[in-house]
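Every number in this text was worked out from the coordinates using simple rules, so none of it is lab data. A quick note: this is a predicted structure, and the numbers were derived from the prediction, not measured. All Cβ positions, glycine included, derive from the backbone under ideal geometry; neighbour counts span all protein chains shown.
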């Protein structure tokens with residue numbers, strides 16, 4: 001994080017990391033495997049794996065299907081940036 005270019009790149013990717021972490025946390029808190037979630041949502045297990053490993057960016061519609069499959073509500077919010085960023 002001392003390298004300004006690295007820090008900037010990391011900061012730009014943080015929203016993606018947050019989404020990935022939220023999906024994994026929600027799935028595991030429901031004691032679901034990727035396969036079980038795939039069966040509940042009709043989304044291929046390989047697609048869920050790609051989303052969770054960061055090689056695919058999910059659409060809002062896909063996020064909604066994942067949330068529904070886990071019995072959860074999808075919330076998206078905009079919050080003010082911290083001062084100095």
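Of note:
- Residue count for the stretch 65-81, restricted to those that are assigned to a helix (DSSP H, G or I) and over 11 Å from the mean Cα position of the chain (by Cα): 3.
- Only residues that are within 16 Å of the chain's Cα centre (by Cα) and surrounded by 11 or more Cβ atoms within 10 Å (Cβ to Cβ) were counted across the stretch 19-43, and they come to 16.
- Within the stretch 53-85, being surrounded by fewer than 12 Cβ atoms within 10 Å (Cβ to Cβ) and under 13 Å from residue 43 (Cα atoms) holds for 59, 61.
- Hey, residue 55 assigned to a loop (DSSP other than H, G, I, E, B) and without any contact (Cβ under 8 Å) to a residue 40 or more places away in the chain or not: yes
- Taken over the stretch 18-44, residues that are in a helix (DSSP H, G or I) and in contact (Cβ under 8 Å) with a residue 12 or more places away in the chain amount to 10.
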